[in-house]
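The values are calculated or read from the model by the stated rules, or taken from the named source; none is laboratory data. Here the structure is a predicted model, which is why all the values come from computation and not from measurement. Every residue, glycine among them, receives a Cβ derived from its backbone with ideal geometry; neighbour counts consider all protein chains shown. All accessible areas refer to the heavy atoms of the entire protein, side chains included, with ligands and DNA or RNA removed. Shrake-Rupley method; radii C 1.70, N 1.55, O 1.52, S 1.80 Å.
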Amino acid sequence: MIIVLQPGVNDEQIRHVIERVEALGLQAHLSRGTYRTIIGVIGDESQLQSAPLGAIPGVANVIPILPPFKLASREAHGEPSVVDVAGVKIGGGHLGMIAGPCAIESHERLDAIAGEVRKAGANLLRGGAFKPRTSPYAFQGLGEAGLKILRDVGDRHGMPVVTEVMDPRYVELVAEYADMLQIGARNMQNFSLLTEVGRVSKPVLLKRGMSATVKDLLMSAEYIMSQGNSQVVLCERGVRSFDTDTRNLFDVAAVPLAKSLSHLPIIVDPSHATGRPDLVPACALAGVAAGADGVHIEVHNCPEEALSDGPQALLPQQYAAVATQIRALAELLGKTIASAATAMAT
Ligand code: PEP
Ligand code: MN
């Protein structure tokens, strides 16, 4: 860490800053320049992260050298991490193909959609049993009954399953049924929920909050990892912007940015990022071309009857078309996509 002092700082103030640094068990190296004086701090920087050094009189700026997301950072793990979801690998050259409806609506409906997306090459089945809806009057999900349907349909089709958990009280319940726990955009900074999913041994799909920076996303990953669960997959799902023609602004640069800062895999969700089925295929491919480790797409066999997010869902045949293009791109990039059945068998 480097502490930059204000111009005109006096010797007493400098002495005081050095005393504060040394009191934390660290070494301070003073360097006086013509215009500015700086103090280099040597030692375990994490000691300093919660110390309000910027509030000491005479301090102009405090510049950390190491990122505050220690476990999620590239420094912590030189190689890209691979997260294994019941045999389906995500990261390190393996693409996760996550598909399914926004919400689990019935056994029949999910079974039909699962059959279609699996045939098209999806290797993980998604569907929400607990839905975070803006309106309290909108369909909230089938709860535990939905989890049972998801587990059963996933097993019937040989697909591991991912579903959202919204409440720390339900983490254990959801983990009983799901192979991967999704933290939704609205809960990215629900720190008690992050702490709870950090205590279970199931992979976590952590979606970016709609006004969160990539570093905020990595700090949330750090919450989960700090509890012992390092199986975190990040997800870029768009951020709020001013253009009303799309649901969100798909931030494709977040993919290489997250990869430059972290070893964690990152996937893209063009369904929530755009809110428009006509834009989903192009954004899915852009995400993979930018280095994403997978794609999360909502698919419904009758969007007009969907209980949630129908207008953005791809029809199964549209999903099959984009999945074919993703496979071609993956081959070009030297990436592999496990087939669902192979994954469950391993
Ligand atoms: C979802 O995946 O259906 C969902 C609600 O996503 P997000 O949290 O990204 O809005
Ligand atoms: Mn949705």
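Odds and ends about this structure:
- Cβ-derived FRET efficiency at R0 30 Å, residue 216 paired with residue 137, nearest 0.05: 0.50
- Principal-axis tilt of helix 280-289 within the chain, Cα atoms, nearest 10 degrees: 50
- For segment 83-345, the square roots a ≥ b ≥ c of the C-alpha gyration tensor eigenvalues yield an a/c under 1.5, which makes the shape rounded.
- Residues within the reach of a label modelled at residue 15 (point 7 angstrom out along Cα to beta-carbon, backbone nitrogen below 16 Å), restricted to segment 46-90, are 57-58.
- Per residue, the chain exposes 44 Å² of accessible surface when a 1.4 Å probe is rolled over the protein heavy atoms with every protein chain present.
- Segment 2-63: relative contact order as a whole-number percent, Cα under 8 Å and 6+ apart: 48
- Taking every alpha-carbon pair under 8 Å whose residues sit at least 6 apart, the chain reaches a relative contact order of 18 percent.
- For segment 311-316, the Karplus equation 6.51 cos²θ - 1.76 cosθ + 1.60, evaluated at θ = phi - 60°, returns couplings of x, 9, 6, 8, 6, x Hz by residue, with Gly and Pro reported as x.
- Surface composition of segment 1-159: carbon plus sulfur atoms contribute 52% of the solvent-accessible area (1.4 Å probe, protein chains only, all chains present).
- For a paramagnetic label modelled on residue 152 (point 7 Å from Cα along Cα→Cβ), amide N atoms under 16 Å away belong, within segment 93-125, to 104-115.
- Prolate/oblate/rounded call for segment 88-206, Cα gyration tensor, a/c under 1.5 rounded: oblate
- Nearby lysines by direct alpha-carbon distance to residue 335 (threshold 17 angstrom, same-chain neighbours under 8 apart not counted): 89, 259
- Rounded, prolate or oblate (a/c below 1.5 giving rounded, otherwise prolate when a/b exceeds b/c) for segment 228-346 by Cα gyration tensor: oblate
- Built amide H within the under 5 Å cut-off of residue 292, gap 5+: none
- Placed amide H near residue 37: partners under 5 Å, 5+ positions off or other chain: 5
- Point-to-point label distance, residue 339-residue 242, nm (Cα→Cβ direction, 7 Å offset): 5.0
- In this structure, the pairs whose alpha-carbon distance is over 24 Å, taken from 131/215; 131/202; 131/207; 70/202; 70/131, are 131/215; 70/131.
- Our coupling estimate for segment 210-223, obtained by passing each phi through the Karplus curve with A = 6.51, B = -1.76, C = 1.60 and θ = phi - 60°, is 6, 10, 9, 7, 5, 5, 4, 4, 5, 5, 5, 4, 4, 4 Hz, Gly and Pro reported as x.
- Separation between Cα centres of segment 142-188 and segment 228-245, rounded to whole Å: 19
- For the chain, the longest principal axis of the alpha carbon atoms and the long axis of helix 107-120 meet at an angle near 80°.
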